[in-house]
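Engineer: One structure is given below, represented as structure tokens, and several questions about it will come after.
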Amino acid sequence: MGRLCETDGLTDDQIEILKAVRTFVEEKILPVATELEHQDEYPTEIVEGLKELGIFGLMIPEEYDGLGESLLTYALCVEEIARGWMSVSGVINTHFIVAYMLMQHGTEEQKRKYLPRMATGEVRGSFSMSEPGLGSDVAAIKTKAVKTDAGYEITGQKMWLTNGGSSNLVAVLVKTDEGADSVYKNMTTFLVEKEPGFGETAQGVTIPGKIEKMGYKGVDTTEAVFEGHRIGAEQILGGEPGKGFYQMMDGVEVGRVNVAARACGIANRAFELGIAYAQQRETFGKPIAQHQAILFRLAEMATKVETSHSMMVRAARLKDRGERNDVEAGMAKMVAAEYCNEVVQDSFRIHGGYGYSKEYEIERLYREAAFMLIGEGTSDIQKMIIGRSLLKDYKLS
């Protein structure tokens, strides 16, 4: 291993966990990632291995049978996994967000019902805000939960559910319109149970099938159609309607740290491939790494990888200390995503014509990096979040 993406101040436990994950990536993910990705095949054996490592319960407290680790530990593990194959990190990302939302906002009954089984991977989570007509404009959601004598009925259509097919617990944001004075206080998160798979997976819940994507293959991304899905009030996250928007935003905030970590992992791998190829490929009688143009490019790539990693680590540590990190998480996500695409493109250029061949790993990374620009909010959305917060912090008296 090189010197990039090293993290100071880790505990012995964190070091051992990362060592185990890194070994798993080297032995179980990297050798098969490109083949599985090209086949768009779900990485079943890899997921089972992650269950054995305890990754699905990494941040779940020990009292609920998890490992009780920090967001930083989780983010560093995600960085390693994404270095092997970004899609695998996607398998655990939305699961982690749902578990985090339960830990932070769930009732004690909900925690005891779901968290121990989420820690083992028996219960697999996905979460759903987006709809076919909207993404970042969360206030415009149309999916509704109408109150009935027995509870609620959910009707509407959701979009871009990562793990939508493989999950059996979906955190769904809907409009409840129970008379609050703000649109944001008229949203509620429901914990919807379903069967894994496609078609009708629960009463009134249909998962039509996988959405074909440019990259981010292997992991299933789906729609979800609700047609009068009956659900009890006890399935409201936290037990109280009207808090769904704030619960989801809390989950997305840690999700941004996660996406930053994934972008760091992809960028680090792209750098590794680029610097290795530059020492093997010769032109004009010497390895291309000895040409100043390539040498400068490698230096810039490494600097971008290290900058992204440092910002991601800072955002995670702030959250772990219980401090506000909306600006830091937004900055980390924006910088890591943009730099990831730049580093991958530079590595692609170093590979020359071979980078365009599906036989080379960089071709896969080139397609995966693009997703980092839009996952958990585009760079433009991050800039709005960062800018508005800075105006509050630096407001003239």
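Engineer: Could you check how many residues of the range 329-375 are among the acidic types (D, E) and either under 15 Å from the mean Cα position of the chain (by Cα) or open to solvent by 40 Å² or more (accessible area, probe 1.4 Å) (or both)?
Structural biologist: Residues that pass the stated criteria total 4.
Engineer: Could you check N163 against (1) free of Cβ contacts under 8 Å to residues at least 24 places away in the same chain; (2) within 28 Å of A316 (Cβ to Cβ); (3) polar (S, T, N, Q) and say which number it fails?
Structural biologist: Of (1) free of Cβ contacts under 8 Å to residues at least 24 places away in the same chain; (2) within 28 Å of A316 (Cβ to Cβ); (3) polar (S, T, N, Q), only one is false for N163: (1).
Engineer: Checking the condition in contact (Cβ under 8 Å) with a residue 60 or more places away in the chain, β-branched (V, I, T) and assigned to a helix (DSSP H, G or I), which residue from V219, V254 passes?
Structural biologist: V254
Engineer: May I pose another question? What single numbered condition from (1) surrounded by fewer than 19 Cβ atoms within 10 Å (Cβ to Cβ); (2) more than 25 Å from Y100 (Cβ to Cβ); (3) in contact (Cβ under 8 Å) with a residue 60 or more places away in the chain fails to hold for E282?
Structural biologist: The number of the failed condition is (3).
Engineer: Right, here's the next one. Specify the residue that is surrounded by the most Cβ atoms within 10 Å (Cβ to Cβ); the eligible residues are those in the range 376-392 that are closer than 20 Å to A263 by Cα and either among the small types (G, A, S) or in contact with a His (Cβ under 7 Å, 6 or more places away or on another chain) (or both).
Structural biologist: The residue in question is G377.
Engineer: Which one is least open to solvent (accessible area, probe 1.4 Å) among residues in the range 84-126 that are assigned to a helix (DSSP H, G or I) and charged (D, E, K, R)?
Structural biologist: K111
Engineer: Can you report the number of residues in the range 203-224 which are charged (D, E, K, R) and surrounded by fewer than 21 Cβ atoms within 10 Å (Cβ to Cβ)?
Structural biologist: Number satisfying all stated conditions: 4.
Engineer: Here is a further query. Taking the criterion of being closer than 30 Å to L173 by Cβ, part of a helix (DSSP H, G or I), hydrophobic (A, V, I, L, M, F, W, C) and in contact with a Cys (Cβ under 9 Å, 6 or more places away or on another chain), would at least one residue in the range 268-288 satisfy it?
Structural biologist: no
Engineer: Any idea which residue in the range 127-155 is farthest from N93 (Cα to Cα), counting only those that are open to solvent by less than 20 Å² (accessible area, probe 1.4 Å) and not aromatic (F, W, Y)?
Structural biologist: Top of the filtered list is G151.
Engineer: Taking the range 339-384 as the region of interest, how many residues are over 21 Å from K213 (Cβ atoms) and either at pLDDT below 90 or aromatic (F, W, Y) (or both)?
Structural biologist: Summing the residues that are over 21 Å from K213 (Cβ atoms) and either at pLDDT below 90 or aromatic (F, W, Y) (or both) in the range 339-384 gives 2.
The values are calculated or read from the model by the stated rules, or taken from the named source; none is laboratory data. What you are looking at is a predicted structure, and each value in this text was computed from that prediction instead of being measured. Note: ideal-geometry Cβ built from the backbone for every residue, glycine included; neighbour counts use all protein chains shown. These accessible areas exclude ligands, DNA and RNA; they are computed on the full protein's heavy atoms, side chains included. Shrake-Rupley method; radii C 1.70, N 1.55, O 1.52, S 1.80 Å.
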